[in-house]
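To keep things clear, I will list the structure first and then write my remarks on it.
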Amino acid sequence: MAESKQPRTRRDRDDDVGLTARIGRATGRLALRPVRAVAEAGRGALTEEAERALDGVMAGPLPEAVGRSLVEHRVVERFATEVIEARAAEAATSAPPVDLDQVEKLLREVLESPALERMLVDAIHSRLTAELADEITQSPAFKQALTNVLTSSEVRHAFEWQSAGLGTDVATASRRQARRADDSVERKVRGWLRRPRADAGPVPFAGVGTRGVALATDAMIVAFIFVVGGALIDLVASLFGGLRPTWLVGVLAAAGWWLVVVGYFVTFWSTVGQTPGMRLMRVRVVSASGDAPSGWRSLLRLIGLAFAVVLLFTGFLPALVDARRRALQDFMAGTTVVYDAEAVRP
């Protein structure tokens, strides 16, 4: 009797699938074994071929071209700059904030410290400091530097400016005091005579104080010119035995004096309207038209000035009571003396 077929279970089917998979893997390994053998055999050949190709590339112009491009485009410099900036930004953001008040407090404490003061005093008074100072001051380099500084144009200009500034201050103070004297003396004289000035405002005409200082300055200048000129004439005459007789020397000296006086006053009055002394005091002489007097009017004014002086300066007394402060020489020549800053027509 034929044997009946038993039904297949799940385990039997799983065993069949596992067997089939094992058979497939074995078959694949057998089929790929020739390929693997070829790959293992050609690996060395491929490596050698790649090395030869790389050597050929490095021996060609490509490295130089790459290097030149890196330099032209400043790749390394830009990279380094970016790295430095990144580090700086990181340090700035990560650094703790500085307490300026605390730093100022510490600095003040250090500067006010007695220990620091003692240390500085000891250093200044030490023997080493004295020897170093002597060595520096005695060195040729220091002497040359000091000479260059003292002879420089800047130092010379500074001294000139200081001298000019002192002279200007003295002149300004003298003018101020003289103007005060003009008003105070006139006020007192008018008070004694009971003739007060009708106009209580500033007076544009120069008074006896300012004119007296100007005349004294001009007298010193004229005397200096005469002395220097006479000394030069005497020096030249000494080359030929000197001037004789004595009376001739006296006549020439008197003539020379009057020539200097006339030339000085007439020239300055008729050209610019003021002598150096009047310029110092900021006053000028003007005619009725408001201009500088002519040569003949200036000569006539000089004659009047001589009379005013010879008469024990009494020729200046009319300036104390006249409305335009005119003296004898002004009445004779028809002139007035005004402050330079307020030169107005009489």
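The values are calculated or read from the model by the stated rules, or taken from the named source; none is laboratory data. Owing to the predicted nature of the structure, the values given are computational and were not obtained by experimental measurement. Ideal geometry is used to build each Cβ from the backbone, glycine not excepted, and the neighbour counts take in all protein chains shown. Protein only, heavy atoms only, side chains kept; ligands, DNA and RNA dropped before computing areas. Shrake-Rupley method; radii C 1.70, N 1.55, O 1.52, S 1.80 Å.
Carbon-plus-sulfur fraction of the accessible area of segment 116-190, 1.4 Å probe, in percent?
Percent of accessible area from carbon and sulfur atoms in segment 116-190: 64.
Give the Debye-formula value of log10 I(q)/I(0) at each listed q (0.13, 0.18, 0.29 Å⁻¹), with one equal scatterer per alpha carbon of segment 300-341, two decimals each.
Cα-only, vacuum Debye calculation for segment 300-341: -0.24, -0.45, -0.98.
Work out the FRET efficiency for LEU128 and LEU317 from their Cβ-Cβ distance, taking R0 = 56 Å, and round it to the nearest 0.05.
0.15
For segment 211-346, what number results from the quotient of the Cα radius of gyration and 2.2 N^0.38 Å?
1.21
What list of ³J(HN,Hα) couplings, whole Hz, do you get for segment 290-299 from phi and the Karplus terms 6.51, -1.76, 1.60, once you set θ to phi - 60° and write x for glycine and proline?
x, 9, 5, x, 6, x, 5, 5, 5, 5
Is the shape of segment 110-195 best called rounded, prolate or oblate, per the rule: a/c under 1.5 gives rounded, else a/b larger than b/c gives prolate, else oblate, with a ≥ b ≥ c the square roots of the Cα gyration tensor eigenvalues?
Numbers: a/c = 5.97, a/b = 2.34, b/c = 2.55.
Oblate is the answer for segment 110-195, as a/c is 1.5 or above yet b/c matches or exceeds a/b.
Under 1.5 on a/c is rounded, so check that first for segment 147-236, then, if it is not, pick prolate when a/b is larger than b/c and oblate when it is not; a ≥ b ≥ c are the square roots of the alpha carbon gyration tensor eigenvalues.
oblate
Over segment 95-254, consider all pairs of different Cα atoms and compute the Kirkwood hydrodynamic radius from their mean reciprocal separation; express it in Å, one decimal.
About 25.3 Å, per the Kirkwood formula over Cα pairs.
For segment 194-346, what does the accessible surface come to per residue with a 1.4 Å probe? Please give it in Å².
That works out to 56 Å² per residue.
Accessible area of segment 283-346 with a 1.4 Å probe: how many percent of it is carbon plus sulfur?
Solvent-exposed carbon and sulfur of segment 283-346 make up 68 percent of the total.
Under the 0.36 nm per residue contour assumption, what length would be gained going from the current alpha-carbon distance of VAL251 and THR81 to full extension? Could you put the intermediate results ahead of the total?
Working: separation 170, 0.36 × 170 = 61.20 nm, distance 9.71 nm.
Extra length available between VAL251 and THR81 comes to 51.5 nm.
Determine, from the Cβ-Cβ distance of ASP169 and VAL227 and an R0 of 25 Å, the FRET efficiency 1/(1 + (r/R0)^6), rounded to the nearest 0.05.
Values: r = 29 Å, r/R0 = 1.15.
Taking R0 as 25 Å, the efficiency between ASP169 and VAL227 is 0.30.
Take the alpha carbon gyration tensor of segment 190-264, find the square roots of its eigenvalues, order them as a ≥ b ≥ c, and report rounded if a/c is under 1.5; if not, report prolate when a/b exceeds b/c, else oblate.
prolate
Using the Karplus curve 6.51 cos²θ - 1.76 cosθ + 1.60 with θ = phi - 60°, work out ³J(HN,Hα) for each residue of segment 244-250 in order, rounded to whole Hz, and write x for Gly and Pro.
9, x, 5, 4, 5, 4, x
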